[in-house]
1. Could you grab me the full set of residues in region 227-259 that are at pLDDT 90 or above and in a loop (DSSP other than H, G, I, E, B)?
2. How about region 309-324: which of its residues are out of contact with any Pro (no Cβ under 6 Å at 6 or more places or on another chain) and within 15 Å of the ligand (Cβ to nearest atom)?
3. Cβ-Cβ below 7 Å, separation at least six or inter-chain, first residue in region 165-178 and in contact (Cβ under 8 Å) with a residue 24 or more places away in the chain, second among the aromatic types (Phe, Trp, Tyr) and more than 9 Å from the ligand (Cβ to nearest atom): which pairs?
4. If you scan region 122-135, which residues turn out to be charged (D, E, K, R) and within 16 Å of the ligand (Cβ to nearest atom)?
5. Of 344, 259, 306, which residue is within 16 Å of the ligand (Cβ to nearest atom), aromatic (Phe, Trp, Tyr) and surrounded by 18 or more Cβ atoms within 10 Å (Cβ to Cβ)?
6. Say we look at region 289-303 and pick out the residues that are buried (at least 18 other Cβ atoms within 10 Å of the Cβ) and within 11 Å of residue 233 (Cα to Cα); which of these is farthest from the ligand (Cβ to nearest atom)?
7. Could you please find all residues in region 136-188 being in contact with a Leu (Cβ under 8 Å, 6 or more places away or on another chain), more than 10 Å from the ligand (Cβ to nearest atom) and closer than 20 Å to residue 359 by Cα?
Amino acid sequence: MNGRHLFGCRPALAHTAVLALLLLCIAALPAASPAVPAPASSPSPASNTRPAVAIAPGSSGEARARIAELRAKIAHHDELYFRRAAPEISDSAYDSLKRELAALERDFPSEVAAASPGAAALGDDRTGDFPTWRHRERMLGLDKTYSKAELRNWHRQLLARLGHGEATLVVEPKFDGLAVSVTYEHGRLVRAVTRGDGNEGDDITANLSTIATLPATLYSSGPQDPPPDRIELRGEVYVSWAEFARLNRELGTDGEPAFAHPRTLAAGTAKLLDPAEVATRKLEVVFYGWGACEPAAATPASQRGFLSQARAWGLPTVGDIQLAHDADELWLAVQNLGRLRATFGYPADGAVVKVDSVALRRALGETEQAPRWAVAYKFAPRQATTELRGITIQVGRTGVLTPVAELAPVSIAGATVTRATLHNRDTIARLDLRVGDSVVVERAGEIVPRIVGVDRTRRRPDRPPFAYPEQCPSCGTAVVQLPSEAAVRCPNSACPAQLRRRLDHFTGASGVDIRDLGPATVNTLVDRGLVREVSDLYRLRRTDLTALPGFGGPSADALLAAIEQSRHARLWRVLSGLGLPRVGVTTAKRLALRFDSLEGFANATFGELLPVVGPSTAREVVAYLAEPRNRASIDALVAVRNKP
Ligand code: IVH
């Protein structure tokens, strides 16, 4: 159902009807980001300060104020999304803001100019860290649809504009990454630029040149078939689900994934300042269109023609495409893609529908922001409502406290969800979460589901606010929060929970890989005080182990042999196992190539680290090594490894 035409009423009536019926009362997200991803059928986002369901403004003044408010919010979220690659709200919440704005701008055209200017409609991803480059042809965005009715409407208008009854449509997956324009001149890659504000973007050529599947030269079968003199190829830089999981496994600390979504990983990586650091993450690129093309005669005649030509040049192109010739076929194709996307190795957040013929595209033209010959259909966010049964606090290996929502099991998109991340103390406060609440859980692609809203109509008045612990739940030490950090930490490095996590990481598959040592044994060793530091593993005696429940002589011998073997583990394993900031397996392997011993690494300077890992990681590693506690534990490991 289309949110703007809920109950078949005009928007104001629809909104008021919803309010009157009190069908939905989803309370809000952060003060700074007060939108809640409205379920597919709800009319608009809600906020803390506004009524739980937004009421369409009755007067022009109200409309003007709301338009200005929405523009400011959208600008704020654009800044987070495009420039910092760190969105605070879900895509659906963001889309709800955009749709409410579009509806108001449509219904109150006189207020559009009067309301204060806000976000540029396309957003702007330029960071100021790169030289900028002007696109020869502007990079537009896409209009979006969210329902069968909206898609049909788009199709109806398309045919009306064309003045005939049919047009072949190509339906492609909508890759969820960072839009780029890559220019080839006489078949040679000369430049890769982000969309920026649509007119000019950041020049990230060096970073994208690390992508193995991006050819430096286009393949040509001979002089009779030369590539165009110049062509701007439009595509998306993205990170596959497999790479996203790998990097999160490597870098993730404290139970929190290091990156919330492959899109933030792709955008953040493409904008890293050091191409060597970019090369440690497997970015990918896919092409789905073109901009300027010279000579004009080389311009593709159709989308299908473009895709097969680009493939022949050796470029990765969008696959999984479908064709449609009328509204019914279009809806089937879109639904098909929606079903198939669970099997895609890459993140896709919708389908893009394009008129195949370039001649028809020219006839249709474009608006300020988007072509009339294409539209995106966004897949519905995968959400469900369930009961928040409790909030538990995990303590990670660096002492960060991470709250986790314990949920009544609920099925979302084929998976049973029982837990969701709450990120940090602020998230609970912003949502004003209380145990027993009905919460809206979303799996929008992230591996870890998250809570995006609370149904306050179903809250019993006597439910107390959640009291965030002032003490570490593991060791009782008073927690601290640095002014610059959202995270609350247990400052006690001897905290058993932190030690357990450090040991798990050190002995795990990406560390020194002691397979005989499982989490249960680690817990017992810590609980009995037999291991207080990672290096204590190497002081364990046979009698220490045989005294443990369930440990006979043979299992004690096997574990001791495995521990002894790990003393000589390769250097990268030790470096990765230490859990240095931003150092996963790939970076650890690069460090191990540069430093031939743990001792050598422990004395590394910023200047020595810089060429290997880039400035940001180098800075953090130097700070880590300067910390006396970290230094002491590395020195103890050096002694263990040097023992004959
Ligand atoms: S065509 C004139 N095709 O979606 C715009 N875009 O929300 C032509 N995107 O800016 C875009 N997959 O970054 C097109 N198969 C696809 C796409 C795609 C992802 C992105 C692109 C665009 C954004 C619009």
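1. Result: 227, 228, 229, 239, 240.
2. Result: 310, 311, 315, 316, 317, 318, 319, 321, 322, 323, 324.
3. Once the first residue is in contact (Cβ under 8 Å) with a residue 24 or more places away in the chain and sits in region 165-178, its partners that are among the aromatic types (Phe, Trp, Tyr) and more than 9 Å from the ligand (Cβ to nearest atom) give 173/344; 175/346.
4. Result: 124, 125, 126.
5. It is 306.
6. Here the answer is 293.
7. Correct list: 155, 158, 161, 162, 165, 166, 167, 168, 169.
Here's the yes/no breakdown for (1) surrounded by 18 or more Cβ atoms within 10 Å (Cβ to Cβ); (2) out of contact with any Lys or Arg (no Cβ under 9 Å at 6 or more places or on another chain); (3) of a type in the set (Lys, Arg):
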residue	(1), (2), (3)
578	yes, no, no
591	yes, yes, no
596	no, yes, no
605	no, yes, no
609	yes, no, no
616	no, no, no
623	no, yes, no
629	no, yes, yes
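The values are calculated or read from the model by the stated rules, or taken from the named source; none is laboratory data. Note that this is a predicted model, so its numbers are computed, not measured. Reconstructed Cβ throughout: ideal geometry from the backbone, glycine too, with neighbour counts over all protein chains shown.
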